[in-house]
Amino acid sequence: MNLHVVALFKFNENYLMEAVELFQTLVRETRKEEGCLQYDLIEDKDNKGTFFMVELWESEQHMNCHNGQDHLLDFRRDVSKILESSTQVYKGFKTL
């Protein structure tokens, strides 16, 4: 069963360029992973500095493998220094 994930990131406007650079590497490398069906970064149109990562994984196991990848661990380490607030992550299975 496919797993849907949405992660919410909020940055101070002073760090937007740095955040986008970190996201570029993360997205590029994650899209190469086995089981990654979708991995898209969306910027909120009304709230500057707010981003959503919209993910679709072939299975929960594939997403769990993603969580141990070096590019994600590096991203988490680097992005934690510039986040305005804690990242919120929502996971679920399609119901309709």
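No lab work stands behind these numbers, since they all come straight from the coordinates. Model, not experiment: these values are computed from the prediction. When we count neighbours, we look across all protein chains shown, and the Cβ atoms used for this are built from the backbone with ideal geometry, even at glycine.
Find all pairs meeting these conditions: Cβ atoms under 8 angstrom apart; at least six residues apart or on different chains; first residue within the range 26-40 and assigned to a loop (DSSP other than H, G, I, E, B); second residue of a type in the set (Ser, Thr, Tyr).
From residues that are assigned to a loop (DSSP other than H, G, I, E, B), the pairs are Arg31/Tyr39; Gly35/Ser59.
Inside the range 58-79, can you point out the residues that are in contact (Cβ under 8 Å) with a residue 12 or more places away in the chain and within 12 Å of the chain's Cα centre (by Cα)?
Within the range 58-79, Met63, His66, His71, Leu72, Phe75, Val79 meet the criteria.
Taking the range 63-79, which residues are over 13 Å from Phe9 (Cβ atoms) and surrounded by fewer than 18 Cβ atoms within 10 Å (Cβ to Cβ)?
Within the range 63-79, Asn64, Cys65, Asn67, Gly68, Gln69, Asp70, His71, Leu72, Leu73, Asp74, Arg77 qualify.
Can you tell me which residues in the range 45-62 are among the hydroxyl-bearing types (Ser, Thr, Tyr) and closer than 18 Å to Phe11 by Cβ?
Across the range 45-62, the qualifying residue is only Thr50.
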